[in-house]
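Have a look at the structure below, then the notes.
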Amino acid sequence: MAKQKDNKTEEQILTAAQEIFQSKGMDGARMQEIADKASINKAMLHYYYRSKQLLFEAVFKKAFSLLAPQLNAILNDDSTIEEKIKNFTHNYLSFMIKHPYLPNFIIQELNRKPQFIEEIKSNVFFPKLDKFKKQVEKEVATGSIRPISAEQLFINIISLNIFPFLGAPLIKALANVDDENYKVLLESRKKEVSEFIINAIKK
């Protein structure tokens with residue numbers, strides 16, 4: 001019973017922390033606020049996570065463990081390159097709209113602690129590009145798509161999907177849109193990004 005109670009409490013903490021981090025970001029979040037949201041006292045929160053940084057990392061790893069298998073499955077299934085681009089973009093943007101704090105956290109952590117990528121890569125479902133590379137090479141060789149390396153194509157996909165989250169404040173200011181209209185803009189990118197990349201590699 002004690003173990004079950006501990007697991008339930010930790011789940012409450014992670015759920016509460018995710019909500020606070022999502023609405024206020026890493027810097028704006030407060031441990032007391034997270035404790036209140038989880039219906040526990042601050043001492044109990046510190047018992048589970050000694051610092052806000054450790055709690056943020058735990059929230060990230062939980063979220064990444066949900067996203068990574070989806071992306072890995074898409075990259076390694078038997079669909080065409082075009083279908084992969086559409087599915088990857090749709091799944092990635094859908095997930096990040098729900099977890100907008102993650103891209104900035106990844107960049108922040110990699111700048112602060114480069115070895116953090118090794119912790120991420122230890123996830124059994126960390127996306128693997130081997131099959132994707134072979135597929136791109138084959139489609140380039142048969143003339144199905146324009147000559148491009150799999151690495152460059154993947155960078156294009158990731159860049160176009162991730163920047164709207166990394167550069168959200170700048171884009172909102174330049175486009176003069178509020179938070180609600182920006183969400184609409186992000187939803188429309190599921191189609192826009194896919195079509196842009198596919199048209200760029202089509203013969």
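The values are calculated or read from the model by the stated rules, or taken from the named source; none is laboratory data. On a predicted model such as this, the values are computed, not experimentally measured, just so you know. Virtual Cβ from ideal backbone geometry, glycine too; neighbours counted across all protein chains shown.
Computed values, structure above
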| read-out | value |
| --- | --- |
| Residue among Leu93, Leu166 that is over 18 Å from Ala73 (Cβ atoms), in the same structural domain as Ala73 (by TED's automatic domain parsing) and of a type outside the set (S, T, N, Q) | Leu166 |
| Wholly enclosed helices (runs of 4 or more DSSP H) of the stretch 1-84 bearing at least 2 residues of a type in the set (Phe, Trp, Tyr) and in contact with a helix residue (DSSP H, G or I) (Cβ under 9 Å, 6 or more places away or on another chain) | 52-75 |
| Any hit, the stretch 134-147, residues being out of contact with any helix residue (DSSP H, G or I) (no Cβ under 9 Å at 6 or more places or on another chain), at pLDDT 95 or above and within 20 Å of Leu71 (Cα to Cα) | no |
| Exclusive hit being surrounded by fewer than 16 Cβ atoms within 10 Å (Cβ to Cβ), over 30 Å from Lys203 (Cα atoms) and among the hydroxyl-bearing types (Ser, Thr, Tyr), set Ser23, Ser94, Ser79 | Ser23 |
| Filtered residues of the stretch 172-202 (kept if within 19 Å of the chain's Cα centre (by Cα), closer than 19 Å to Asn156 by Cβ and not polar (S, T, N, Q)) | Leu186, Arg189, Lys190, Lys191, Glu192, Val193 |
| Residue satisfying condition, being modelled with pLDDT under 95 and assigned to a helix (DSSP H, G or I), within set Glu151, Glu195, Glu119 | Glu119 |
